[in-house]
1. Is it the case, given these coordinates, that residue 189 is in a helix (DSSP H, G or I), under 24 Å from residue 50 (Cα atoms) and not aromatic (Phe, Trp, Tyr)?
2. Determine which single condition residue 15 fails, assuming it passes every other condition in (1) of a type in the set (A, V, I, L, M); (2) open to solvent by 10 Å² or more (accessible area, probe 1.4 Å); (3) away from the ligand (no atom under 15 Å from the Cβ); (4) farther than 17 Å from residue 74 by Cα.
3. If we keep just the residues of the stretch 36-50 that are touching a residue at least 60 places away in the same chain (Cβ under 8 Å) and over 11 Å from the mean Cα position of the chain (by Cα), which is surrounded by the most Cβ atoms within 10 Å (Cβ to Cβ)?
4. All but one of (1) of a type in the set (S, T, N, Q); (2) over 18 Å from residue 248 (Cβ atoms); (3) more than 15 Å from the ligand (Cβ to nearest atom) hold for residue 98, so report the exception by its number.
5. Are there any pairs, at least 6 apart or on different chains, whose C-beta atoms fall under 9 Å, with the first in the stretch 84-99 and of a type in the set (A, V, I, L, M) and the second within 11 Å of the ligand (Cβ to nearest atom) and in a loop (DSSP other than H, G, I, E, B), and if so, which?
6. Are any of the residues in the stretch 51-65 β-branched (Val, Ile, Thr) and within 18 Å of residue 250 (Cα to Cα)?
7. Restricting attention to the stretch 127-148, and to residues there that are away from the ligand (no atom under 16 Å from the Cβ) and touching a residue at least 40 places away in the same chain (Cβ under 8 Å), which single residue is farthest from residue 178 (Cα to Cα)?
8. Quick check on this structure: which one of 6, 63, 25 is within 14 Å of the ligand (Cβ to nearest atom), open to solvent by 10 Å² or more (accessible area, probe 1.4 Å) and either more than 21 Å from residue 295 (Cβ to Cβ) or at pLDDT below 95 (or both)?
Amino acid sequence: MIFTLTLNPCLDRYLYIDDLIEDDTVRVKKVSDYPAGKGIDVSRVINELGGHSVAIALLGGHTGQIIQKMLNEEGVVYASVFTHKETRVNTILQKGNTQYRMSLPGPEVSDEEERKIIKTIDTLLRQGDFLILSGSLAKGIKSSIYLEICKFAKKRGAKVYLDSDGKPLMLGIKCPPDGIKPNLHEFSRLYGKVPESHEELKDALIEVSKKYGINEILLTLGKDGALCYVDNSLYRVSVPEVPVKSAVGAGDSFLAAYCMYREAGKPIEEALRVAGAASSATVITPGTELCHKKDVEKLMKDVQVERL
Ligand SMILES: O=P(O)(O)OC[C@@]1(O)O[C@H](CO)[C@@H](O)[C@@H]1O
């Protein structure tokens, strides 16, 4: 089974506007809401592709109830620890193809709520399961939480993937997780500088993998696809040029499809191909609707996976 963990979920609210003018009223043409947060996005993509996962999340208040309702409607299985504090609403201003993404800090989480989440994972996780730890941490959650969860999950024999940033990522990789899915900014912070060429990027991937003992690094590069280092081999994933509707969640879609295929025992190349197709399919879909299975199937033939 695949479990995703979202410690700072959100409702992604898109406000479609024609103009953003200083000191003037901005008339919103359309509003669209989606249940989100990186782990929830991963579970929604797995569900859309016909796979199985449980989204473990800390949800709260009216927004938390809305998210639960939306997940129920989509048929996404979740295990939530429910609090009275409002889950955040992340606002995305969409002006044509331009997005302004406002990410909120999230509510204060108590030690007791943190313990309940850990107990939920402890109750559900079995040997051979995949655990995907995704996103930022709500206020009050200690930055070593991913490190702690990773340690006990690995002791239990689960595979752990980490997709975060800043201190939670820097501490979490010390476990180390089996895999990480950084973008170029996050990866550069791990490496210590921005790689200046493609050659340096390849060397950097190997260096980071060896330094921290991370077996799978899935570096997503937006329209340039991905560069991945898995089981001591480098892979380039090239994606087709597609019309961009919203790139929000493209990285989550990559990780979702990859983990779904790996958990099902599929070869690395196949998992990377579907991952590339899922991220492209998300880019052509508006809002945080994420991908549609039919688009993923259609785009598969246009994704190239090359072992370097
Ligand atoms: O603030 P975090 O937890 O880092 O990321 C939250 C978020 O930006 O990530 C998803 C896209 O990856 C969005 O659905 C959501 O709004």
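1. No; evaluated as a whole, the condition is false for this residue.
2. If we test residue 15 against (1) of a type in the set (A, V, I, L, M); (2) open to solvent by 10 Å² or more (accessible area, probe 1.4 Å); (3) away from the ligand (no atom under 15 Å from the Cβ); (4) farther than 17 Å from residue 74 by Cα, just (3) comes out false.
3. Across the stretch 36-50, the extreme among qualifying residues is 46.
4. So residue 98 meets the others, but not (2).
5. Close Cβ pairs satisfying both conditions: 89/104; 92/246; 92/248; 92/287; 92/288.
6. There is no residue in the stretch 51-65 that is β-branched (Val, Ile, Thr) and within 18 Å of residue 250 (Cα to Cα).
7. 129
8. Answer to the selection: 63.
The values are calculated or read from the model by the stated rules, or taken from the named source; none is laboratory data. Since the structure is predicted, the reported quantities are computational estimates derived from the model, not experimental observations. Neighbour counts are summed over all protein chains in view; Cβ atoms, including those assigned to glycine, are modelled from backbone coordinates with ideal geometry. Heavy atoms of the whole protein, side chains included, go into the accessibility calculation; ligands, DNA and RNA do not. Shrake-Rupley method; radii C 1.70, N 1.55, O 1.52, S 1.80 Å.
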